[in-house]
Amino acid sequence: MIITIFSFIFVIGVLVFFHEMGHFLAAKSVGVRVEKFYLGFNFFGLGWKKMYKGTEYGIGLFPLGGYVKLAGIIDESMDTEYTGAPDEFKSKNMFQKIWIMSAGVLMNFLLAILIFTHLTYHNGIDDPDPRAVVGKVFPEYPAEVLGLQENDEILSINGIQVADWEAMTKEIHNHPKEEIEISWMRNGELKTAKITTESTPQLLGDELVERGMIGIIPILNHRDAGLIESFSVGISQTYYFLNLTYRSLLALVKGNVSIKEMAGPIMIAKIAGETASLGFNALLGLMAFISINLGFINILPIPGLDGGHVVIALVEGFIRKDLPLKVKMGIQQAGLFLLLLLFITIMVNDIQRLFQ
């Protein structure tokens, strides 16, 4: 329980710090006054705060988010006081506003790239052998029941010869929860047997489909990775998970995936605790994945999120005037209401999972 709590606070704390620091540094870079910088929510005055060079820095006791209050912007605080000073958000041009509001998201993506770079440089790269040769058999899966062992070479699936690991995997994937016949070679001896595959959901495009699996992986050839290659892998892995997050949201919007699949802080805490038990590097990998999700969600054009502020900045830039104050207030209130409904839905999902 203690590991779960501290792992959750660590993961969320680092992600929120980097996100809010992005807004903070971007605002400073274009001369916008930052009134508050908070980690966690400071409800009922419970927490620590200190003024330094015109900015109130604080740490709240509720570690579920963070907050950067910029002068002259309508955000979660619903502050409508403007003085027209040049150091207010309202006085900046469209590009400066977009830079400020998107910097938190960019920082989340950068954090993910750096984490994946570190993990690749530290752990090296495992290149899968292209041959249809078993590298490992997972316990309690059909492959173990069948009697497959390491270094067995799979020759055919249902009488169809497989030239490599990709062809073999494709045939197994096409038969979820179905009986298949597998032929393999072990020490020059040909073996053939039948087994029923298990099924696992896999996102193809924006559709969730069932794929057959028997519980094996190929031989992995380990090698060290240099810094440049590690950075390249960090970028490609970040893009992969960003694309996966996009396709998952698309599947959710189209109804191909149930909203019950969405997870919130309770499940994040549970997963963080379980991941921490596997080691610090595993926890870092989880942090990178959540950082990508956090960045993607925040850049969506939804009122109340960074993407909503970017849209407003774009609209005002194109019409060359500010939207009426009442319109901005209405947009912000509607966005906060939608986010509250989403938060409640996610919390209900989390609680149901715990009882299940």
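State which stretch of the chain is the longest one without any exposed GluC sites (Glu not before Pro), exposure meaning a DSSP loop state and at most 16 other Cβ atoms within 10 Å. So the longest stretch without any such site is 179-356.
Using alpha-carbon positions, what is the distance between the centroids of the stretch 284-325 and the stretch 95-112, in Å? With the stretch 284-325 and the stretch 95-112 each reduced to a Cα centre, they are spaced 9 Å. Convex hull volume of the C-alpha atoms in the chain, normalised per residue: 179 Å³. Evaluated over the Cα positions of the stretch 127-222, the convex hull gives a direction-averaged projected area, one quarter of its surface, of 6.4 nm². With each label modelled as a point 7 angstrom along the Cα→C-beta vector, the residue 3-residue 136 pair spans 1.9 nm. Under the simplified labelling scheme, the residue 50-residue 345 pair shows an inter-label distance of 4.2 nm, with each label point 7 Å from Cα along Cα→Cβ. Full extension of the chain between residue 160 and residue 244 yields a length gain of 27.1 nm, computed as 0.36 nm times the residue separation minus the alpha carbon distance. Sites count as exposed loop sites when they are trypsin sites (Lys or Arg not before Pro), lie in a DSSP loop, and have at most 12 other Cβ atoms within 10 angstrom; the longest stretch of the chain without one is 54-176.
Each of 73, 9, 228 has some number of other Cβ atoms within 10 Å of its Cβ, and from fewest to most they run 228, 9, 73. Here the calculated FRET efficiency for residue 282 and residue 320, from their Cβ-Cβ distance with R0 = 41 Å, stands at 0.20, rounded to the nearest 0.05.
Where a number appears in this text, it was derived from the coordinates with a stated rule and is not lab data. Model, not experiment: these values are computed from the prediction. Positions of Cβ are backbone-derived with ideal geometry, glycine not excepted, and every protein chain shown enters the neighbour counts.
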